[in-house]
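The values are calculated or read from the model by the stated rules, or taken from the named source; none is laboratory data. Every value quoted in this text rests on a predicted model; they were computed, and no experiment measured them. All Cβ positions, even for glycine, are placed from backbone atoms using ideal geometry, and neighbour counts span all protein chains on display. The protein model used for the area step is the full one, side chains on, heavy atoms only, and it has no ligands, DNA or RNA in it. Shrake-Rupley method; radii C 1.70, N 1.55, O 1.52, S 1.80 Å.
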Amino acid sequence: MSPVLKFIGKTTSTVVAGTFFVILAWQRDALMVSFFVGAISNGILSKVLKKAIRQERPMMEYVLESSAAGAGSSSSSGNSILEPPPPSDNGMPSSHAMSLGFIGTFTGFLLMDYHYPYSTLLLLVAYASISLWYRIVSKLHTWEQIAVGLSVGTMNGVLWRCLCFGTTQPFSSAVTQDLPINVMEFVTNNLLNDQGVLPLYGLAIPALLGAVIVGSVERRIGRFLKLKSEKQKDAANKQA
């Protein structure tokens, strides 16, 4: 696997989440807060869909192959290491693909609003594509899981864009009709201060939600408890 592909694939979540939070902390206006609410809602939906569909990751096959290879080499090395450890949640749809689809789509519309060159959009698409390709190559997801996640995330991005501005068209230059829902108006009236920004102490909530949803805290806790249980079983077997 290319070192560049591996680096981009492994750091995408940290880079995207970190960049998002920095911009939110710097701007804190109705648009960014609404964007954040949509991204978190999209992340929650991905976890709900995983629980409902319950399709395993291809990682299970990889684990078996790696274990067999490790067992064959253990006689010479004395031990075997499985890298990376398998995620404990289901794979359909890919939450990474849903997040990149949503954030990429919403960001793409904003770039067009501010008349950024199309090369910027192409770089955005290229970065997301490399990250998602890594997840297929490393057998964290099948291409179907990536495709479904990306499609749902993209549709959510378009829908949320319309709801944020209260219009029926995502393009700012299009002739639109007003919707009964305007997320940015709700955020302005209920979450922002008199200066039209989110108070600094209000960033604690995005930080906490981001750690739970984007950081997959429940997955990490589940993995920790599983490893702890396996160690206790191994210790009990050795004593027996």
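Exactly one of these conditions fails for residue 51: (1) at pLDDT 75 or above; (2) over 22 Å from residue 183 (Cβ atoms); (3) part of a helix (DSSP H, G or I); (4) open to solvent by less than 50 Å² (accessible area, probe 1.4 Å). Give me its number.
Residue 51 satisfies all of (1) at pLDDT 75 or above; (2) over 22 Å from residue 183 (Cβ atoms); (3) part of a helix (DSSP H, G or I); (4) open to solvent by less than 50 Å² (accessible area, probe 1.4 Å) except (4).
For region 1-25, enumerate the residues that are open to solvent by less than 90 Å² (accessible area, probe 1.4 Å) and of a type in the set (Ser, Thr, Tyr).
Correct list: 2, 11, 12, 13, 19.
Give me the residue from region 118-159 that is buried (at least 21 other Cβ atoms within 10 Å of the Cβ) and among the polar types (S, T, N, Q) and, out of that set, nearest to residue 54 (Cα to Cα).
Among residues in region 118-159 that are buried (at least 21 other Cβ atoms within 10 Å of the Cβ) and among the polar types (S, T, N, Q), the one nearest to residue 54 (Cα to Cα) is 145.
Got a number for residues in region 85-117 being among the charged types (D, E, K, R) and open to solvent by less than 40 Å² (accessible area, probe 1.4 Å)?
1
Confirm whether residue 42 is out of contact with any strand residue (DSSP E or B) (no Cβ under 6 Å at 6 or more places or on another chain), modelled with pLDDT under 85 and either open to solvent by less than 70 Å² (accessible area, probe 1.4 Å) or more than 19 Å from residue 209 (Cα to Cα) (or both).
Answer is no for this residue.
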